[in-house]
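What follows is one structure encoded as structure tokens, with my remarks underneath.
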Amino acid sequence: MKIVRIRPGRERSLLRRHPWVFEGSVAGGKADAGETVRVEDSSGRFLAWAAYSPQSLIRLRAWSFDEGERIDAAFFARRITAALDIRARLPIASDGLRLVHGESDGLPGLVVDRYADTLSAQFLSAGVERWKAPIADALMQATGATRLYERSDTSARQREGLAPATGWLRPGDPGRAETTALTIREHEWRLGLDVANGHKTGFYLDQRDNRKFFAETVRHFGFARVLNCYSYTGGFSVAALAGGATNVMSVDSSGPALERAAANVALNGFDAARHEALDADVNQTLRSLIEARQSFDAIVLDPPKLAPTAAHAERAARAYKDINRLAFVLLRPGGALFTFSCSGGISVDLFHKIVAGAGLDAGIDGLIYARLGAAPDHPMTVTFPEGEYLKGLVVLKR
Ligand code: SAH
């Protein structure tokens, strides 16, 4: 068993059960990519069992803080079962749900989403890469899903020194393997997605409950004209139509995402005339809509991760502020802005300040009607605050 020693004083985060050790905190000891090591403090005391990642700034990711625990196939089966057990107790109004949410489920670097009978997984750390086969077996066994697709094609994987990997890990029935498009049921809606060609694992499950709240808000206030910015496959657009909006515009820079948005509008039985899909940059679209003297009752702003880490926060803050300012201008008095940030590098506090600054620049004031986060199958834990990434504010313009 290889041993990795931590510099004096740097063991504090592991003692608080935070799973990461950065490169600079390692005093000595080496291992292969993903190999399990025994982590000790400078006096040789056991701290954790962890996966070693020679190329990542996050050099160690802890599997367990229990010295008696063995990191083997059974360990992964236990952690997966524990993640499923929690989901079974949570209110999740969908057959599309996040089964494993990385560090927050004690499986650093592993993301698994379930879409009806199909699993879609990301192996984002050297540790889970090494244990991929037993993890895939445990997932199939514990979930009863028929097939498992791999979407290990993110920049996080590059930072671990791992090449992208995509395709069926467990193809199921060979006749069906060709089809990567499928449909989930979310609340009372049906939504199509594609595990091979969509973003991330195929769909943004974390916004599930916010889409429902959006539908309810549109209905409650009787909002008619809705602008859904960064619409992706139109989840919030379907929600708006379900809430009674007469007119919804989806804006995204991805043509295929917009095609699916239109298909999702049809799948839910809404008249295509109530929905418009615009393949364009959001910032520019907001400016042209202002120039054209348009206004909306409700606007959704759900941009991609503009600040992947805290180092990008300042530049990202300006970009967030700009789109929020433009959206405030476009919103009619009494209307609602649903604004989000999924950047880990932007804290709840900072996001609030950015939106406040945008309101000030736009010359408007508003009521903070709700504060939103990710759906509960994307858990945050007490020991891993980095798990809080998605935050949203609903502002009612005065
Ligand atoms: N709200 C969506 C998820 C949004 S993900 C949902 O509920 O499913 C962010 C989206 O922003 C992606 O679809 C991406 O294609 C789009 N995007 C990224 N940069 C953009 C830009 N500059 N202008 C318009 N869309 C953009």
Q) Does residue 196 meet the test of being touching a residue at least 24 places away in the same chain (Cβ under 8 Å), within 21 Å of residue 256 (Cα to Cα), outside any strand (DSSP E or B) and not charged (D, E, K, R)? A) yes
**Q.** Checklist (1) more than 14 Å from the ligand (Cβ to nearest atom); (2) among the charged types (D, E, K, R); (3) assigned to a helix (DSSP H, G or I) applied to residue 322, failing item
**A.** (1)
Q. If you go through the stretch 93-119, how many residues are part of a strand (DSSP E or B) and within 13 Å of the chain's Cα centre (by Cα)?
A. 9
Q. Of a type in the set (Gly, Ala, Ser), more than 20 Å from the chain's Cα centre (by Cα), within 16 Å of the ligand (Cβ to nearest atom) and more than 19 Å from residue 340 (Cβ to Cβ): does that describe residue 263?
A. yes
Q) So which of 257, 316, 239, 298 ends up being modelled with pLDDT under 95, within 14 Å of the ligand (Cβ to nearest atom) and surrounded by 19 or more Cβ atoms within 10 Å (Cβ to Cβ)? A) 316
Q.
Taking the conditions exactly as written (surrounded by fewer than 24 Cβ atoms within 10 Å (Cβ to Cβ), within 20 Å of residue 337 (Cα to Cα), more than 9 Å from the ligand (Cβ to nearest atom) and without any contact (Cβ under 8 Å) to a residue 24 or more places away in the chain), does residue 292 satisfy them or not?
A. yes
Q) Can you pull out the residues in the stretch 367-398 that are without any contact (Cβ under 8 Å) to a residue 40 or more places away in the chain, of a type in the set (D, E, K, R) and not in a strand (DSSP E or B)? A) none
Q.
Consider the stretch 357-367. How many of its residues are surrounded by fewer than 17 Cβ atoms within 10 Å (Cβ to Cβ), out of contact with any strand residue (DSSP E or B) (no Cβ under 6 Å at 6 or more places or on another chain) and of a type in the set (A, V, I, L, M, F, W, C)?
A. 1
Q) Looking at the stretch 214-225, which of the residues that are touching a residue at least 40 places away in the same chain (Cβ under 8 Å) and surrounded by 18 or more Cβ atoms within 10 Å (Cβ to Cβ) is nearest to the ligand (Cβ to nearest atom)? A) 214
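The values are calculated or read from the model by the stated rules, or taken from the named source; none is laboratory data. This structure is a prediction, so every number in the text was calculated from the model and none was measured. Using ideal geometry, Cβ is built from the backbone for each residue, glycine included, and neighbour counts are taken over all protein chains shown.
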